[in-house]
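Have a look at the structure below before the remarks.
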Amino acid sequence: MLISLLLACPPEIPEDTANSGDTAGDTADTSDTSDTSETGDTDTDSGYTGPDYATAVVTTVSDDYASAVLATIDVDTWAISDSLATIPSDNAVVAEDGMVYVLGRLGFDFVRVYKPGSWSEPVAEFSTGAGSNPQDVAMCGGKLYVSNYGSASLSTYDPTTWILNGGVDLGAYDDGDGYPEVSGMVEMNGTLYVEMQQLAQDAG
């Protein structure tokens with residue numbers, strides 16, 4: 001059985017906030033008086049230890065690729081809740097901006113949106129177009145971007161209505177077969193980084 005897993009990006013750790021109750025504060029070596037660059041850190045750690053993930057969302061695929069389902073794993077107890085929803089065998093699962101997106105890839109060509117914990121029915125499902133073969137989703141600038149392996153552009157959707165509202169032409173990166181093979185994406189500090197495999201499909 002094959003398993004794919006992707007968790008949401010963790011938030012950035014905030015700067016020290018001089019919490020006087022935190023005795024494990026940052027320190028600097030002030031014994032070296034010739035080093036004037038070390039002034040001693042008067043701020044103390046906020047005590048923030050990062051996100052506390054409780055659940056992993058995974059897809060399980062049969063070894064003959066005939067069927068697949070969504071499942072969750074409690075990361076503390078390793079308890080598995082299986083067969084929460086039936087999904088295409090060629091799939092991807094992405095946790096993004098508080099939602100879980102299931103991508104039906106080649107031959108299915110859709111994105112299904114779930115609210116974590118509510119698996120009986122998706123919040124939305126929309127087509128990405130015949131032969132589009134969606135690979136990834138990412139939120140950036142208030143839009144949901146979908147990368148399509150079988151298209152020369154990124155598609156953008158309104159995350160309140162899930163209606164197609166634009167696209168980004170990537171035809172300049174076409175490698176000769178009509179497609180730049182757009183794959184993974186990641187948003188960082190308001191910039192969307194896009195992976196293009198530029199596979200020569202016409203050469204086999």
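The values are calculated or read from the model by the stated rules, or taken from the named source; none is laboratory data. As the structure is a prediction and not an experimental result, all values here were calculated from the model. Keep in mind that these areas ignore ligands, DNA and RNA; they rest on the heavy atoms of the full protein, side chains included. Shrake-Rupley method; radii C 1.70, N 1.55, O 1.52, S 1.80 Å.
Miscellaneous remarks
- Accessible surface area normalised per residue over segment 81-204 is 48 Å², counting heavy atoms of protein chains with a 1.4 Å rolling probe.
- For Ile87, the residues whose modelled amide H falls within less than 5 Å of its own, excluding neighbours fewer than 5 places apart on the same chain, are Ala68, Val69, Leu70.
- Mean projection of the Cα convex hull over all viewing directions, computed for segment 87-204: 7.4 nm².
- Residue-by-residue Karplus 3J(HN,Hα) for segment 78-94, coefficients 6.51, -1.76, 1.60, Hz, glycine and proline x: 6, 6, 9, 10, 9, 6, 6, 7, 7, 9, x, 6, 9, 8, 8, 10, 10
- Accessible surface of segment 71-201, 1.4 Å probe, proportion on carbon and sulfur as whole %: 50
- Using θ = phi - 60° in the Karplus curve 6.51 cos²θ - 1.76 cosθ + 1.60, the 3J(HN,Hα) couplings for segment 159-167 round to x, 9, 10, 6, 9, 4, 10, x, x Hz; x is entered for Gly and Pro.
- The relative contact order of segment 94-156, computed from alpha carbon pairs under 8 Å that lie at least 6 residues apart in sequence, is 26 percent.
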